[in-house]
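The values are calculated or read from the model by the stated rules, or taken from the named source; none is laboratory data. No experiment lies behind these values; they were computed from the predicted model shown. Don't worry about glycine lacking a Cβ; one is built from the backbone with ideal geometry, like all the others, and counts go over all protein chains shown. Protein only, heavy atoms only, side chains kept; ligands, DNA and RNA dropped before computing areas. Shrake-Rupley method; radii C 1.70, N 1.55, O 1.52, S 1.80 Å.
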Amino acid sequence: MRAQRLVGDRVELRRHAPENYRLYGKWYGDPEIWHLTSWTPAPLSQSSVKRLFEDREHSPTDDSFAIHVRDDADPIGIISLMNISEANASAELSIIVGHPEDRHHGYGAEAIAVLLDYAFEERGLNRVGLSVFEFNEDAIAAYTKLGFQEEGRLRRALRRDDAFHDAILMSVLREEWEGS
């Protein structure tokens, strides 16, 4: 059921290679990425990241890929369907683009589009949701452009820089994606 490789115009999604876990550790340990994307109280350690991806590879409820620019050996990010519920035909999306120089080129948006095609067509899902912090305006704009709609908010659910912030809940449904 799990695809090994998903290909878009400029990006391809590949299964994780253990030799990339060290690079993932740098990304998940990066204070900026942590600030923008993580619910954890602090950036993750290398050993925590290694364990996370080892667990993801064996998890029946996670389906995770490395994002590569087509034909490049080194990944530029990570994208995952998490908390997959076959009973409810739903999952949560998670994405990071690791290096600042790889951001704002549309790679993340294309990776999401490729993953949504897979989620709805091959995995048979009906809904893909996500949470995004209210101050991550670039991500909110990208998700909206891809057809995600705001469902609600977790008010003041996240503490950053001694202030509380909302987490915005967004989702896209199969019929919305297919109709776009």
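For segment 1-48, relative contact order (Cα pairs under 8 Å, six or more residues apart, normalised by length) works out to 26 percent.
Overall, the accessible surface of the chain at a probe of 1.4 angstrom is composed of carbon and sulfur to the extent of 48 percent. Taking the charge dipole of segment 110-180 about its Cα centre, with +1 at Lys and Arg Cβ atoms and -1 at Asp and Glu Cβ atoms, the residue from Gly147, Asn126, Phe164 reaching farthest to the positive side is Phe164. Shape descriptor for segment 1-98: Rg over Rh equals 0.96 (Cα atoms; Rh from the Kirkwood inverse mean 1/r).
Sparsely packed loop sites in segment 1-95 (the trypsin sites (Lys or Arg not before Pro) outside DSSP H, G, I, E and B with at most 16 other Cβ atoms within 10 Å) comprise Arg2, Arg10, Arg15, Arg70. For segment 1-24, backbone nitrogen atoms closer than 20 Å to the point 7 Å from Glu122 Cα along Cα-to-C-beta are found at 1-18.
Structural descriptor for the chain: relative contact order 18 percent, calculated from alpha carbon pairs under 8 angstrom and at least 6 residues apart. Computed from the C-alpha gyration tensor, the three semi-axes of the ellipsoid equivalent to segment 87-180 are 24, 18, 11 Å, from longest to shortest. A Förster radius of 30 Å combined with the Cβ-Cβ distance from Glu57 to Arg156 puts the calculated FRET efficiency at roughly 0.30.
Please give the calculated 222 nm ellipticity per residue for the chain, where each DSSP H segment of at least 4 residues contributes -39500 (n - 2.57) and the sum is spread over every residue; nearest 500 deg cm²/dmol? Here the helix-only value at 222 nm equals -8000 deg cm²/dmol. Normalised per residue, the accessible area of segment 1-73 is 56 Å², obtained with a 1.4 Å probe and no contribution from ligands, DNA or RNA.
The slack between Asp72 and Phe135, meaning 0.36 nm per residue of separation minus the straight C-alpha distance, is 19.5 nm.
With r defined as the distance between the Cβ atoms of His99 and Lys50 and R0 fixed at 25 Å, what FRET efficiency is calculated, to the nearest 0.05?
On the way: r = 20 Å, r/R0 = 0.79.
The pair His99/Lys50 has a calculated efficiency of 0.80.
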